[in-house]
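The values are calculated or read from the model by the stated rules, or taken from the named source; none is laboratory data. Predicted, not measured: the structure shown is a model, and the values here were computed from it. Every residue, glycine as well, gets a Cβ built from its backbone with ideal geometry; the counts of neighbours run over all protein chains shown.
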Amino acid sequence: MQMRRRLKQTVSLEERLSQEARELRKVANSLAAGPARDDVMRKAQRNEAAAYLTVWLTSPGLKPPT
């Protein structure tokens, strides 16, 4: 049986997603308008939404559904 390598993350998931979104926006700004730029912008928006949802889901004020 193979052993999984464990890696301790030093940066939170929200920070990593936000950083990647910023980098993707820089890349998108350097691309010409078209499908490639749209794909990069879409991925940046998804990362920003995921970071927001992660913060929301881990907030202490979140109440369980009834």
For region 23-66 the number of residues that are within 24 Å of Ser12 (Cα to Cα), among the small types (Gly, Ala, Ser) and in a loop (DSSP other than H, G, I, E, B) is 2
So, Ser30, is that one surrounded by 13 or more Cβ atoms within 10 Å (Cβ to Cβ) and of a type in the set (Ser, Thr, Tyr) or not? no
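For region 1-22, how many residues are among the aliphatic types (A, V, I, L, M) and assigned to a helix (DSSP H, G or I)? Quick ask: steps written out before the conclusion?
Residues of region 1-22 among the aliphatic types (A, V, I, L, M): 1, 3, 7, 11, 13, 17, 21.
If we keep only those that are assigned to a helix (DSSP H, G or I) as well, we get 13, 17, 21.
Residues flagged as among the aliphatic types (A, V, I, L, M) and assigned to a helix (DSSP H, G or I) within region 1-22 amount to 3.
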So, in region 7-66, exactly how many residues are under 11 Å from the mean Cα position of the chain (by Cα) and among the basic types (Lys, Arg)? 4
Using beta carbons and a limit of 6 Å, which pairs, at least six apart or on different chains, have the first residue in region 46-65 and under 15 Å from Gln19 (Cβ atoms) and the second one modelled with pLDDT under 85 and loosely packed, with under 14 Cβ neighbours inside 10 Å? none
Say we look at region 1-24 and pick out the residues that are of a type in the set (A, V, I, L, M, F, W, C) and free of Cβ contacts under 8 Å to residues at least 12 places away in the same chain; which of these is surrounded by the most Cβ atoms within 10 Å (Cβ to Cβ)? Val11
